[in-house]
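The values are calculated or read from the model by the stated rules, or taken from the named source; none is laboratory data. All of these numbers come straight from a predicted model, not from anything done at the bench. Please note: Cβ atoms are built from the backbone with ideal geometry, for glycine as well, and neighbour counts cover all protein chains shown.
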Amino acid sequence: MAIAVLAAYGTYVTCFVLGVCWSWPQFVETNEPDKVRRSLFGLWVLLTLEEWLLYILGVVSLWSLIILLFCNVWGHLDAFLRFPIVHDLDSFFALKQLFLLLFKIGGYLLGFKMLRQNLAWAVLVLLLNVCTLPIIWLTALPIGDVTSYHQKHDVKDQDLALRLWRVVLVPTDRSAAMTSLKSSGRKMLAALANAMPWLKPWVLRIDPVMAADAASKTAANEAREALTLLGGLLSADLEQGFRDSVLKLQGVVYLVLVDVHLRSSLEEAQEAAEAALKSFRSSTRREAREAAALNALAKVLIAKQETGNPRQWRQRGPAAPACGGQGSSKGGRLESVGFGMVQLMAWEILDRYELKEKEGEKEAMQLLVSAELASNSGSAMHTAKQAVERFQHEGDRKNEALALQTVANQRHAGEV
């Protein structure tokens, strides 16, 4: 028995010196506060599970477990949620932490079964479960680092009890808490799946959104690998016909990236669409595919306008979008009305598709209506009516319904 106690104390001292005194400060110095906070949360979960295990094994009583869990939640969890904020020693937060620490010690001493017979083990439990985690938290705090006190962070310095009270009574706080909880849970599941790949199928079944995100990430990685290979081919001296084929394939891969990034990052989607347009324009056979790239770029710009995050289109490639050929009159119309770049691209798409691909031309017509609506143009109603008449004449019920819906929405907006 004495040998087991000495071995346990030796193991604790070794782990404390190597982990808390040596490795932990280096980890704190080399990582952002968010990652340190997540590590503290992980240690808090381990501590709580270990104290549950003590109760299951009959080491502590039920009322002692209740005290321990109360101190863990209102004490440790509240402190970790506010990390890396440093409080004054005479603040309510500091006094509360000191009181809860003493309360937890009392809960162990009064609830530890057969304390006299197992005094050495009780002291070890106190060192491990009461003292270690507060020491880890204190060493992670930027105490004395005055510059870090004023650094921006997303931490809310509010007592956990007050937070819970507001979540119960205030609907906006309750909604924000649920959103934050879902986001944290999704991040935790993602970290769990990355750490233990054999759990990934189970995690994806729990969260279908994560499955879609994982599929998008996989598609994006594969597309980037393909672009790397195609870039290597284009750097070589290729025959013009083969080069055109590689450029066409490169543009198609960029269009795949546009679809992937539209669900996550509009900035990256715009960059991919611009790269696709540049690839198609570098080819000698560019018209049809160039229209597809213009279409994708216009969709991205419309999405950015709807989210209130517009950015000027960076003109790349040998030529900027311009109406030509049969579209010259349309170009004059654009100039007189003063439409934006999105409408200009939509009209050029119509020029590219005209008399070549009816489906693409219809899609571009719908896109033009959306573009004019997005720019609050007064001609949106007129364009939508033209689209309705055209689709009625061709017997295209699907596109006619979409255009009619646009007209109805525009009328409703005008009445409001």
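Of note:
- Complete set of residues in region 125-151 that are loosely packed, with under 13 Cβ neighbours inside 10 Å and either modelled with pLDDT of 90 or more or aromatic (Phe, Trp, Tyr) (or both): 138, 149
Results for (1) charged (D, E, K, R); (2) assigned to a helix (DSSP H, G or I); (3) at pLDDT 85 or above, shown as yes or no for each residue.
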residue: 79; (1), (2), (3): no, yes, yes
residue: 85; (1), (2), (3): no, no, yes
residue: 102; (1), (2), (3): no, yes, yes
residue: 123; (1), (2), (3): no, yes, yes
residue: 153; (1), (2), (3): no, no, no
residue: 187; (1), (2), (3): yes, yes, no
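- Criterion: out of contact with any helix residue (DSSP H, G or I) (no Cβ under 7 Å at 6 or more places or on another chain) and either within 24 Å of residue 234 (Cα to Cα) or at pLDDT below 75 (or both) - qualifying residue of 320, 288: 320
- Matching residues, region 49-69, being surrounded by 17 or more Cβ atoms within 10 Å (Cβ to Cβ) and part of a helix (DSSP H, G or I): 51, 54, 55, 64, 65, 67, 68
- Where residue 180 falls short, out of the listed (1) small (Gly, Ala, Ser); (2) out of contact with any strand residue (DSSP E or B) (no Cβ under 6 Å at 6 or more places or on another chain); (3) modelled with pLDDT of 80 or more: (3)
- When the test is whether a residue is closer than 21 Å to residue 164 by Cβ, touching a residue at least 24 places away in the same chain (Cβ under 8 Å) and in the same structural domain as residue 130 (by TED's automatic domain parsing), residue 16 does not pass it.
- Here residue 89 meets each of (1) without any contact (Cβ under 8 Å) to a residue 12 or more places away in the chain; (2) closer than 19 Å to residue 136 by Cα; (3) part of a helix (DSSP H, G or I) with one exception, condition (3).
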